[in-house]
Amino acid sequence: MRKHWLPWLILAPSLLFLVLFTYFPLFRSVYDSLFDTRMAGDTALFVGAGNFIRLFDDQVFWRALFNNLAYILLTVIPGIVLSLLLAVALWENHAVNRWLRTAFFFPMIIPMVSAAALWLFIFMPGIGLLDYYLAKLFGPMNNNYLGHSNSALFALAIIGVWKFAGYYMLFFLAGLQGIPPSTREAAVMEGATSVQIFFRVTLPLLRPTLSFVLTTALIYSVTQIDHVAVMTHGGPDNATTVLLYYIQNLAWDTHDLGKASAATFLTLAGLFIFSLINLKVLEKGAHYER
């Protein structure tokens, strides 16, 4: 009996926090999505799928969804490619590479709010660092990168890539160091080039790491919105309004908790479905013996 209950006793604190801060909020969001909290009085009116219908009729929701998909493409793919290239370049473990790894990881330890404040000075029209150095090449500049709808989302995406690429690099470094050297040695003996070894040997064996990093990057691209709140407030003209910022505005500004809960549930469902597909596709056939 002791052997049977001991694992559960050890896991009990973690399970308690998981239930309180993960599963309970999820089920509460589903429950709240069935009620309209805008009605006057102490009791919210049960509306069933009414909040979802109102959500689908809201053009701002569709704009936020489109912006979030675009932001995912602008941050996840470049961020993973850059982090993988950095990991390959800094693969060897010597003093210079260890210093460079620390330098590239440094943006991760900066809070997103502080990073946003830093990049505000970089993007400042005319006198910011970006315009200052561009002016040396192309003449006087006065670009309002955060004030135009066609450039604001790209500017925020640059911050996302800059902040998290070094973090993802660490996972790829761990994955590269876990690949048995004999696999690459065998490929070299067969006459494979460095490019062939990377794409035919190294990259396939990194699929579990790639799966984890891709899932993590997607979650960050949806949940990390501090720079949106600090730099653009979702503007101009909702050009940088993403799903979580849209949900936050519904809950805090309009107190429309039912509609916000419906949007939360759909966002979590989308992340869950993607994670399942990602784990099935990328981890397939990526097992090897040490």
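The values are calculated or read from the model by the stated rules, or taken from the named source; none is laboratory data. If you're wondering where the values come from, they're calculated on a predicted model, not measured in any experiment. Cβ: placed from backbone, ideal geometry, glycine included. Neighbour counts: every protein chain shown. Just the protein is used for accessible areas: all its heavy atoms, side chains included, with ligands, DNA and RNA removed. Shrake-Rupley method; radii C 1.70, N 1.55, O 1.52, S 1.80 Å.
Here are 266, 214: which of them is in a helix (DSSP H, G or I), of a type in the set (A, V, I, L, M, F, W, C), within 20 Å of residue 60 (Cβ to Cβ) and at pLDDT 90 or above?
266
Yes/no matrix, rows are residues, columns are (1) under 28 Å from residue 207 (Cβ atoms); (2) touching a Gly at 6+ places or on another chain (Cβ under 9 Å); (3) free of Cβ contacts under 8 Å to residues at least 24 places away in the same chain:
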| site | (1), (2), (3) |
| --- | --- |
| 96 | no, no, yes |
| 115 | no, no, no |
| 134 | no, no, yes |
| 153 | no, no, no |
| 165 | yes, yes, no |
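For region 187-202, name all the residues that are open to solvent by 50 Å² or more (accessible area, probe 1.4 Å) and assigned to a helix (DSSP H, G or I).
188, 189, 194, 195, 196, 199, 200
Mind telling me which of the residues 261, 221, 211 ends up being touching a strand residue (DSSP E or B) at 6+ places or on another chain (Cβ under 9 Å) and either open to solvent by less than 20 Å² (accessible area, probe 1.4 Å) or closer than 30 Å to residue 123 by Cβ (or both)?
Within the list 261, 221, 211, the selection yields 261.
Output yes when any residue across region 108-120 is at pLDDT 90 or above, farther than 26 Å from residue 234 by Cα and exposed (fewer than 14 other Cβ atoms within 10 Å of the Cβ), and no when none is.
No, there is no match, as no residue in region 108-120 is at pLDDT 90 or above, farther than 26 Å from residue 234 by Cα and exposed (fewer than 14 other Cβ atoms within 10 Å of the Cβ).
Taking residue 131 and the conditions (1) open to solvent by less than 30 Å² (accessible area, probe 1.4 Å); (2) closer than 25 Å to residue 215 by Cα; (3) not aromatic (Phe, Trp, Tyr), which numbered condition does it fall short on, given that it satisfies the others?
The single condition residue 131 does not satisfy is (2).
Residue by residue through region 156-179, note down the ones that are open to solvent by 40 Å² or more (accessible area, probe 1.4 Å) and touching a helix residue (DSSP H, G or I) at 6+ places or on another chain (Cβ under 9 Å).
158, 162, 167, 170, 171, 174
Just to check your reading of the model, which residue among 114, 182, 149 is under 19 Å from residue 230 (Cα atoms), out of contact with any helix residue (DSSP H, G or I) (no Cβ under 6 Å at 6 or more places or on another chain) and in a helix (DSSP H, G or I)?
114 is the lone residue from the list that is under 19 Å from residue 230 (Cα atoms), out of contact with any helix residue (DSSP H, G or I) (no Cβ under 6 Å at 6 or more places or on another chain) and in a helix (DSSP H, G or I).
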